[in-house]
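Report on the following structure.
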């Protein structure tokens with residue numbers, strides 16, 4: 001390794017960097033081509049595509065104004081009123097409660113040894129009170145357990161049970177139904 005002296009450092013700093021021949025000209029030509037492409041694209045959009053789009057917009061505006069002449073102002077008001085009524089009916093039906101589903105629900109989820117005498121349904125409380133008879137306490141317990149395991153029942157309460165003269169169990173059960181179950185369509 002040669003020692004660093006003043007002459008070696010001057011030689012290293014003084015030697016010019018050598019670029020390949022033609023490199024600056026190629027870069028200049030490439031830049032000019034890019035600039036020309038950008039200007040050409042801009043002029044094409046400004047002078048060709050913009051007038052085309054404006055003529056399409058004008059044609060559509062004319063068609064819309066022609067349609068407003070075909071449908072009178074009174075008919076437009078009636079149509080918007082009718083549409084508003086349809087939207088209100090749809091909202092009403094979506095929030096409607098279907099208590100008739102309860103009968104099918106009870107039929108599918110009741111043991112054969114359980115009979116209902118009375119049914120009382122309260123929409124506000126989402127409660128269904130069932131009065132009925134079961135053959136024995138084991139059957140009544142199984143029925144209560146079945147109701148507790150159903151996903152559409154929120155809570156189950158045994159309000160009363162008594163052994164009647166004919167050896168059956170008279171009972172009263174209160175079920176709290178989930179809101180989603182009542183709002184599902186048939």
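Quick note: the coordinates plus some simple rules give every number you see, no bench work behind them. Since the structure is predicted, the reported quantities are computational estimates derived from the model, not experimental observations. Positions of Cβ are backbone-derived with ideal geometry, glycine not excepted, and every protein chain shown enters the neighbour counts.
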Exercise. How many nm is it between the label spots at residue 69 and residue 55, if each spot is 7 Å from the Cα in line with the beta carbon?
Worked result: 2.2
Exercise. From the Cα gyration tensor of region 23-177, with a ≥ b ≥ c the square roots of its eigenvalues, which class applies: rounded if a/c is under 1.5, or else prolate if a/b is larger than b/c, or else oblate?
Worked result: oblate
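What's the extension gain from residue 106 to residue 28 if we count 0.36 nm per residue and subtract their Cα-Cα distance?
Length difference between fully extended and current span is 19.4 nm.
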Problem set entry | Distance between modelled label sites at residue 150 and residue 165, nm, 7 Å Cα→Cβ extension | 3.3
